[in-house]
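Right, one structure below, let's go through it.
Please treat every number below as a calculation from the coordinates, not as lab data. Note that this is a predicted model, so its numbers are computed, not measured. For neighbour counting, all protein chains shown are included, and Cβ atoms are generated from backbone atoms with ideal geometry for every residue, glycine included.
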């Protein structure tokens, strides 16, 4: 017969040996400041970065594009969830303002081309001045939040937002600036591009 007492002692000894081996095999926490601890910290940082990239919203990487709106995305982190949202919106608004400026500058170049930049330097200089004013006075208050996403990131929150701004509002800002200069308005009103711009604004108001 098998000696049960001896068998139990052998099993207990094996269990103790297995537990000790497991602890020595990788469950021991590296000493702070040691090379092992630095390697573990770097690996954790890499994992967090890869996880952030994997969870990026598609609309953040590729914002929508259409003729009726201007889109801009922003992101930010903070230990406070509301502050993370506020910071991400602020970042998106900066990008939005830059894109609206680009849109308006493009329109002004169309006006210059039609009026004749080579023949009328006065019009060109006035258009450049109005464009400069637009860059400093652009207003993005009419935006709306199209998308939002909040994710945990370590001990912080990462917020993503997508803002949408009606292009009709941007066009109205442009026309209002031009109308402040009566001479420039009179010269540009005859251009096809300016007429099309006003038509776009009328359609936007009627929709």
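Spin-label model, residue 110 to residue 86: label points 7 Å out along the Cα-to-beta-carbon direction sit 3.9 nm apart.
Based on the mean of other Cβ atoms within 10 Å per residue, sort peptides 151-158, 172-179 so the most packed one is first.
172-179, 151-158
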